[in-house]
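Notes for the one structure printed next.
The values are calculated or read from the model by the stated rules, or taken from the named source; none is laboratory data. What you are looking at is a predicted structure, and each value in this text was computed from that prediction instead of being measured. Counting neighbours? That spans all protein chains shown, and the Cβs are built from the backbone with ideal geometry, glycine included. Areas reflect the complete protein model, heavy atoms only, side chains present, ligands, DNA and RNA absent. Shrake-Rupley method; radii C 1.70, N 1.55, O 1.52, S 1.80 Å.
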Amino acid sequence: MHPNRDGWFSDGNVPCDPVPPLSKRPLRMVLMGPPGVGKGTQATRICKSFRTCHLATGDLFRNAQCEGPATPAMKAALAAMQQGRLVPDDVVIEMVRERSGCLKCQGGCLLDGFPRTVRQAEALDQMLDEFGAHLDAVIAFEMAIEAIVARLGGRRTCRSCRAVFHETSNPPATPGICDQCGGNLVRREDDTPEAIRTRMEVYDHESRPLMEYYDAGGRLLRVTADGSPQEVFNRTIGCLSSFLVPSDAQRAPNHVAR
Ligand code: AMP
C-alpha cells in the first residue's frame, strides 16, 4: 500500500500511514517537463516501481485551495497559480523546507514540479546537503508543443485522489469517474487556453536555465515523452536503471533516452 502523503500535505511532521518501508538505497529524484507532458501519469508509475513517495508542489497548492482559510502568503501563492504564474521562490522554498521531513524519508521521494527555478534548485541542494543526502537523478521529459496542446485539451484529474486521466489516451472505465476512488474527474482550472499559454512561456523562461544547472552537474536525464504511457514508462525505467549505477563516478553525463 502506498503512503498517504499526510506529511507532505501538512508540515512534514505528521507521519504517513503506512510509514514507507526502509529502502536499502532511498532514491531522491526530480521530475521535470513542460505542462501536459505526462509527468503526473509517469510519476505515479515511477513511484510504484521504486516505492518512493510522490511529492508534487502543485498538489500542495491545490490542496490548500480546497482546505482554506489561507494565510496571506498562501493567498498570494494561490492567486499566482490561478493565473498560471509561478508562485514566488521564497514562498515555495519555505513550504518545502517546512516539509523537509519528507525529503529525508527512508523510502526516498520523487519531487514533481519542484524545483522550477535555479534558485529553488540551489535551495533544494542546500536542504539535502544539510542531512548528508543528494539528488540521484533529474528526469526531464521532452515533447513538441503541438503534441502538448493536444494532450492538455483532454486531461482530467480526480478531485479527491488527484489521479490523472485523459479522455482518449488514458480514459477512465466510466466517463467522469475516477477508477481508483470513484471521485469526480475535473478539468484543472489552470488548463484553460490562456493559463496554458502563460505556463508554457513561464516554463521556457524559468526552466531552461534549471536544466542547464542540472546538466552541468551530470544529474540530468533527458527522456522523450512521445508514445503511450507504458512506452514512456519503459523508456524512463530503462534509462534510469543504467543511470543509477552504484557510484556517482561511474555515471555518464548528458544521458538522453529516445
Ligand atoms: P503543477 O501542478 O506542477 O503544474 O503546478 C501548478 C501551479 O502551482 C503552477 O502553475 C504554479 O503556479 C504553482 N507551483 C507549483 N510548484 C511550483 C514551484 N516549484 N514554483 C513556483 N510555482 C509553483
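Amide hydrogen proximity for ARG5: with H placed 1.01 Å from N in the peptide plane, the residues at 5 or more positions away or on another chain lying under 5 Å are ASP17.
Which translational diffusion coefficient, to the nearest whole µm²/s, is obtained for region 1-123 from the Stokes-Einstein equation, given a Kirkwood hydrodynamic radius over C-alpha pairs, 10 °C and 1.306 mPa s? Here the translational diffusion coefficient equals 107 µm²/s.
Here the spin labels are modelled as points 7 Å beyond Cα on the Cα-Cβ line, and at ASP226 and GLN126 they lie 4.1 nm apart.
Couplings for region 25-39, taken from phi via the Karplus curve 6.51 cos²θ - 1.76 cosθ + 1.60 with θ = phi - 60°, read 9, x, 8, 10, 10, 10, 10, 10, x, x, x, x, 7, x, 4 Hz in order; Gly and Pro are left as x.
Across region 109-258, the volume of the C-alpha convex hull divided among the residues equals 139 Å³ per residue.
Going by a ≥ b ≥ c, the root eigenvalues of the Cα gyration tensor, does region 101-172 fall in the rounded group (a/c under 1.5), the prolate group (a/b larger than b/c) or the oblate group? Judged from the Cα gyration tensor, region 101-172 comes out prolate (a/c at least 1.5, a/b above b/c). Please work out whether the chain counts as rounded, prolate or oblate from its C-alpha gyration tensor, where a ≥ b ≥ c are the square roots of the eigenvalues and a/c under 1.5 means rounded, while otherwise a/b larger than b/c means prolate and anything else oblate? Rounded, because the longest to shortest axis ratio a/c is under 1.5.
Calculated FRET efficiency, HIS205 and ASN63, Cβ-Cβ r, R0 35 Å, to nearest 0.05? Given R0 = 35 Å and the Cβ-Cβ separation, E is 0.85.
Above 13 Å lies some portion of the pair distances; for region 145-191, what is it as a whole percent of all C-alpha pairs? Don't skip to the end; give the middle numbers.
Numbers: 527 of 1081 pairs.
Tail fraction, whole percent: 49.
How high is the FRET efficiency from ALA73 to HIS134, r the C-beta distance, R0 35 Å, rounded to 0.05?
Efficiency computed from Cβ-Cβ geometry: 0.75.
Starting from 0.36 nm per residue, how many nanometres of slack lie between ARG45 and ARG97 once their C-alpha separation is accounted for? That pair, ARG45 and ARG97, stretches by 16.1 nm at full extension. Here the chain exposes an accessible surface that is 53 percent carbon and sulfur, computed with a 1.4 Å probe and the other protein chains kept in place.
For HIS166, nonlocal amide neighbours, meaning residues 5 or more places apart or on other chains whose placed amide H falls under 5 Å from its own, are ARG156.
Straight-line cross-link partners of LYS104 among the lysines, defined as a Cα under 22 Å from its Cα and at least 8 positions apart when in the same chain: LYS24, LYS48.
Per residue, the chain exposes 48 Å² of solvent-accessible protein surface, assessed with a 1.4 angstrom probe and all protein chains in place.
For region 158-235, the Cα gyration tensor yields ellipsoid semi-axes of 30, 18, 11 Å (square root of five times each eigenvalue, largest first, whole Å).
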